[in-house]
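Each remark here refers to the structure printed beneath this line.
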Amino acid sequence: MSYTNLLYHAVFSTKYRKPLIRVDCERRVYGVLFHIMRKYGVRALRIGGMPDHVHLFFVMPPTLALSDFMKRLKRESSLMITQEMIIDRWEGWQEGYCAFSYSRHDVEKITNYIKNQKERHSRVSFIDELRLWMIENGISDDDAYFPK
């Protein structure tokens with residue numbers, strides 16, 4: 001018998017980081033993401049974000065590679081957002097994503113972090129937040145991953 005508990009916190013942006021996920025449509029966008037996650041056997045622990053990016057905290061089955069899942073999730077959700085006309089002038093998601101793994105001991109911390117995005121971003125920009133996470137996770141400040 002095998003057991004896994006693969007917890008991930010992933011973040012990705014709207015194309016060109018345009019603030020298109022307004023309050024009046026964010027629940028529908030998050031619902032689309034939730035639906036696709038369930039389709040692949042991924043259990044959402046928290047979905048949230050800001051008008052220009054989304055945070056997902058989830059448990060993923062060991063039969064699915066994170067990179068494959070993220071590619072499918074972004075492609076399928078972008079298609080659904082377009083087809084269901086959830087967001088005006090929708091251009092899709094920006095290329096790439098950022099993801100970190102966590103232990104079960106971090107569930108409350110990460111869940112609350114995502115839950116409080118709007119309050120946090122009144123003080124810290126998305127880029128500064130991303131830079132801090134990457135530095136905390138051992139990625140050099142002068143690395144190519146950082147937006148210039």
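The values are calculated or read from the model by the stated rules, or taken from the named source; none is laboratory data. As the structure is a prediction and not an experimental result, all values here were calculated from the model. Here Cβ is always computed from backbone atoms with ideal geometry, including for glycine, and neighbour counts include all displayed protein chains. Only protein heavy atoms, including side chains, enter the accessible area calculation; ligands, DNA and RNA are left aside. Shrake-Rupley method; radii C 1.70, N 1.55, O 1.52, S 1.80 Å.
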Practice problem: Find the accessible area per residue for the chain; the probe is 1.4 Å, ligands and nucleic acids are left out, and the unit is Å². | Solution: 60 Å²
Practice problem: Taking all protein chains together and a probe of 1.4 Å, list F57, F34 from the most accessible to the least accessible. | Solution: F34, F57
Quiz prompt | Semi-axis lengths (Å, descending) of the ellipsoid that matches the C-alpha gyration tensor of region 60-131 | solution = 24, 20, 12
Exercise. Work from the charge dipole of the chain (Cβ charges, +1 for Lys and Arg, -1 for Asp and Glu, about the Cα centre) and give the residue of I110, I86, M60 farthest towards its positive end.
Key: I86
Exercise. Just the number, please: carbon plus sulfur as a percent of the accessible area of region 1-74, 1.4 Å probe, no ligands or DNA/RNA counted.
Key: 53 percent
Exercise. Specify, per residue and in Å³, the volume enclosed by the convex hull of the alpha carbon atoms belonging to region 29-82.
Key: 73 Å³
Self-check item: Net dipole in debye of region 60-148 [+1 Lys, Arg Cβ; -1 Asp, Glu Cβ; about Cα centre; nearest 20]
Solution: 220 debye
Quiz prompt | Convex hull of Cα atoms in the chain, direction-averaged projection (nm²) | solution = 9.5 nm²
Exercise. Net charge near V59: determine it from the other residues with C-beta under 13 Å of the C-beta of V59, scoring Lys and Arg +1 and Asp and Glu -1.
Key: +3
Self-check item: 222 nm mean residue ellipticity, helices alone, for the chain (DSSP H n ≥ 4; -39,500 (n - 2.57); rounded to 500)
Solution: -12500 deg cm²/dmol
Exercise. Using Cα positions and a limit of under 19 Å, work out the aspartates and glutamates in reach of K115, with same-chain residues fewer than 8 apart set aside.
Key: D24, E26, D52, D106, D128, E129
Exercise. Take the cross-link list K71/K109; K18/K71; K18/K109 and give me the ones stretching past 24 Å between alpha-carbons.
Key: K71/K109; K18/K109
